[in-house]
Amino acid sequence: MPRPASAFTTFTTRSQFKTIPSPEIASQAGNQFAPRWVLVNLRIYRELCHGVIRQDSRAAYQRIIGELAEAGAESVILGCTEIELLISAADSELPLHPSTLIHAQAAVECALA
């Protein structure tokens with residue numbers, strides 16, 4: 001997997017559920033990206049969880065992805081399924097790892113094994 005950055009809710013990043021270690025990119029960037037994660041979290045809970053898809057939110061996510069690319073990220077893990085309602089491969093300058101698709105593929109592989 002290319003060197004990824006992660007987009008999660010605050011709940012996921014603070015929980016034991018998350019098995020992916022904190023992204024190297026975020027630790028290198030330190031507090032520089034902290035306000036961006038607040039924005040990601042707010043857009044997920046206040047908009048996407050309620051089916052609200054806003055162009056300004058898409059543009060904000062695209063800016064964050066661009067900043068992550070500048071910081072050295074080579075891909076982005078969409079660690080919250082709602083983000084996939086807003087951002088697709090066509091919207092991103094970096095390759096995406098959509099968690100819904102990844103989980104669905106793993107479930108099918110497990111069921112067929």
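Quick rundown of the values:
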| item | result |
| --- | --- |
| Pairs with Cβ under 7 Å, 6+ apart, first in the range 88-113 and closer than 11 Å to L78 by Cα, second surrounded by fewer than 14 Cβ atoms within 10 Å (Cβ to Cβ) and modelled with pLDDT of 90 or more | L96/A89 |
| Total residues in the range 48-64, condition within 17 Å of T81 (Cα to Cα) and either buried (at least 17 other Cβ atoms within 10 Å of the Cβ) or of a type in the set (S, T, Y) (or both) | 3 |
| Some residue of the range 73-80 being without any contact (Cβ under 8 Å) to a residue 40 or more places away in the chain and surrounded by fewer than 17 Cβ atoms within 10 Å (Cβ to Cβ) | no |
| Residues of the range 49-74 that turn out to be more than 16 Å from D91 (Cα to Cα) and in a helix (DSSP H, G or I), as a count | 3 |
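The values are calculated or read from the model by the stated rules, or taken from the named source; none is laboratory data. Note that the structure is a prediction, hence the values are computed from the model and not measured. When we count neighbours, we look across all protein chains shown, and the Cβ atoms used for this are built from the backbone with ideal geometry, even at glycine.
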